[in-house]
Amino acid sequence: MDTDVIVVGAGPTGLMLGCELALAGVRTRIVERRAEPQRDSRALSLHPRSVELMDQRGLLERFLPQGRPVPGWHFAQLPTRLDFSRLDTRHGYTLFIAQARTEALLAQRAHELGVEIVRGQEVVGLSQDGEGVRAQVRGPGGSETIRARYAVGCDGGRSAVRQTAGIAFPGTEETFTGMLGDFAAMDSGPGVLDAARAGGVLVAPMEDGVTRLVLLDAQRIRVPSAQPVTLEEFRQCLRRLCGSDFGVGEPRWLSRFGNATRLADRYRSGRLLLAGDAAHIHFPAAGQGLNTGLQDAMNLGWKLAATIHGWAPPGLLDSYDSERRPVGRAVTENTEIQTLLAELTLVRAYQRPAAALRRLLDDLLRMDEVNRTLASRVSALATAYRPTEPDADPLAGRRMPDIGLTAAGPATRVYDLLVAGRFVHLDLTGDPDTAAAVTGDWGPRITAVTVNGHDEHTDLRGITEVLVRPDGHVAWATHAADAAARSGERHAALTAWAGPSSRAA
């Protein structure tokens with residue numbers, strides 16, 4: 001085999017997956033058809049769960065200085081903001097950071113981990129058999145065939161990997177489009193940005209003095225997204241919506257985007273898998289697309305690595321589909337809701353009832369419980385995977401709280417222990433024999449820690465042991481106080497998640 005895994009596409013999802021695989025010791029080659037990294041940034045944000053993922057891999061100190069934390073976010077551009085700052089996380093904010101910068105930071109990390117990133121090459125053929133996959137790659141120097149054990153399509157909505165795998169991509173066609181423009185020149189007088197926002201234009205100041213404007217114009221929402229946007233068209237839309245074009249000029253990027261919404265029938269076909277936009281596309285409402293892709297990669301990486309290394313328990317790789325497809329479905333559904341609200345507001349026949357509906361929803365968002373529920377969903381902090389065991393602890397499948405710990409060494413946090421990309425086992429009873437037993441049987445797959453003290457957290461009340469997955473979700477937890485009972489539960493849980501022990505092997 002030339003490599004273990006071919007990742008097709010060097011966007012955020014593909015780069016994140018490459019990092020995860022390499023961290024687990026898997027040889028990975030990322031093939032990207034573009035010769036140079038993407039300069040323009042369709043996405044501009046990392047939501048709280050994605051920020052947590054960077055924290056779990058020790059990358060947060062790279063990202064924070066490059067972005068700007070924003071505590072509030074939006075749902076369907078309703079006036080009342082989603083309040084991320086009140087959620088149960090150390091990172092109750094969206095990190096406002098351009099996609100191009102996110103990709104550059106992930107590419108830097110991938111290079112450090114030894115990931116091979118090949119640009120200017122396109123996968124033009126792909127086949128699989130019982131031993132692996134064969135990818136025909138074409139570039140400026142000609143064609144070559146690459147053999148690998150698996151291939152993952154992170155190659156966008158028109159994914160060649162998905163088409164080769166014969167995976168259906170059902171959903172709805174585009175019926176509605178918007179426009180965005182990144183402008184280096186714009187009026188800078190007082191109240192200009194507020195006037196643009198008052199006209200319903202989304203305004204996002206970017207780096208280097210560039211300002212992004214995103215708009216929905218009732219007279220242009222039926223224009224196909226494939227039709228290029230012109231500067232004059234954008235100016236006309238601004239004048240119609242706001243009474244002024246605000247002197248926009250020197251466009252760095254003009255683009256049209258649509259509401260086509262699709263979800264792959266399955267995320268795996270044999271040795272071919274999908275992640276990111278190759279698996280789900282939708283209107284870019286609330287900036288969830290890039291974030292969902294990063295979280296796909298975090299879920300898939302350790303499972304695929306375990307399969308390649310030969311210790312994955314039965315069904316582990318298939319759980320990628322059963323865990324992430326429902327998340328993809330939930331995201332496509334909530335973006336369709338947001339798109340419908342926007343469209344109804346612009347269609348003359350529905351403007352009055354649409355305005356009343358928006359007022360009603362805005363009133364609901366002022367209720368703490370409603371705001372917290374919706375903020376948790378959009379931020380992905382509410383994501384929880386259904387346990388396979390019928391008697392599993394309620395904590396199983398949920399995000400592990402990033403509590404502070406006092407262990408044998410200096411005080412630390414749970415997320416500090418996840419940097420290596422391994423399982424983390426915490427004995428909260430302070431029994432040092434537990435960590436020794438876990439390490440002795442499962443060795444390098446698990447970081448075992450004896451906890452002598454920790455921050456109080458409602459979800460951990462009464463918990464005596466917990467096994468955290470490499471992606472930061474809880475695999476298993478127990479309230480059992482008896483050491484012998486815990487030992488039996490622990491062995492079963494570790495075998496179910498981390499494969500047979502070295503002694504059993």
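For the stretch 166-185, check the following and say yes or no: at least one residue is within 24 Å of Asp4 (Cα to Cα), crowded, with 17+ Cβ neighbours inside 10 Å and either without any contact (Cβ under 8 Å) to a residue 12 or more places away in the chain or within 25 Å of the chain's Cα centre (by Cα) (or both).
The answer is yes; a qualifying residue exists.
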- Message: Please verify whether Val438 is in a helix (DSSP H, G or I), at negative phi and aliphatic (A, V, I, L, M), treating the condition exactly as stated.
- Response: yes
- Item | Residue match in the stretch 135-147 (condition: touching a helix residue (DSSP H, G or I) at 6+ places or on another chain (Cβ under 8 Å) and closer than 19 Å to Leu304 by Cα) | no
- Query: Looking at Ala297, Ala285, Ala278, which one is under 22 Å from Ala100 (Cβ atoms), at pLDDT below 95 and of a type in the set (A, V, I, L, M)?
  - Reply: Ala285
- Task: Can you confirm whether the stretch 259-277 contains a residue that is outside any loop (DSSP other than H, G, I, E, B) and acidic (Asp, Glu)?
- Result: yes
- Name every residue in the stretch 27-43 that is buried (at least 23 other Cβ atoms within 10 Å of the Cβ), out of contact with any Ser or Thr (no Cβ under 8 Å at 6 or more places or on another chain) and of a type outside the set (D, E, K, R), in order of residue number. Ile30, Val31
- Item | Filter result (touching an Asp or Glu at 6+ places or on another chain (Cβ under 6 Å) and not aliphatic (A, V, I, L, M)) within the stretch 149-187 | Arg149, Gly156, Gly157, Phe176
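Condition check ((1) surrounded by fewer than 18 Cβ atoms within 10 Å (Cβ to Cβ); (2) touching a residue at least 12 places away in the same chain (Cβ under 8 Å); (3) in contact with a Leu (Cβ under 6 Å, 6 or more places away or on another chain); (4) aromatic (Phe, Trp, Tyr)) across all residues:
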{"site": "Gly328", "(1), (2), (3), (4)": "no, yes, yes, no"}
{"site": "Asn334", "(1), (2), (3), (4)": "no, yes, no, no"}
{"site": "Thr345", "(1), (2), (3), (4)": "no, yes, no, no"}
{"site": "Ala349", "(1), (2), (3), (4)": "yes, no, no, no"}
{"site": "Arg352", "(1), (2), (3), (4)": "yes, no, no, no"}
{"site": "Leu357", "(1), (2), (3), (4)": "yes, yes, no, no"}
{"site": "Leu360", "(1), (2), (3), (4)": "yes, no, no, no"}
{"site": "Ala375", "(1), (2), (3), (4)": "no, yes, yes, no"}
{"site": "Thr383", "(1), (2), (3), (4)": "no, yes, no, no"}
- in contact with a Lys or Arg (Cβ under 9 Å, 6 or more places away or on another chain), of a type in the set (A, V, I, L, M, F, W, C) and either farther than 19 Å from Arg90 by Cβ or in a strand (DSSP E or B) (or both): does that describe Ala475? yes
- Message: If a residue counts only when it is in contact (Cβ under 8 Å) with a residue 60 or more places away in the chain, which helices (runs of 4 or more DSSP H) contained entirely in the stretch 1-108 have at least 2 such residues?
- Response: 12-23, 48-56
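The values are calculated or read from the model by the stated rules, or taken from the named source; none is laboratory data. Quantities reported herein were computed from a predicted structural model and do not represent experimental measurements. Note that each Cβ is placed from the backbone with ideal geometry, even for glycine, and that neighbours are counted across all protein chains shown.
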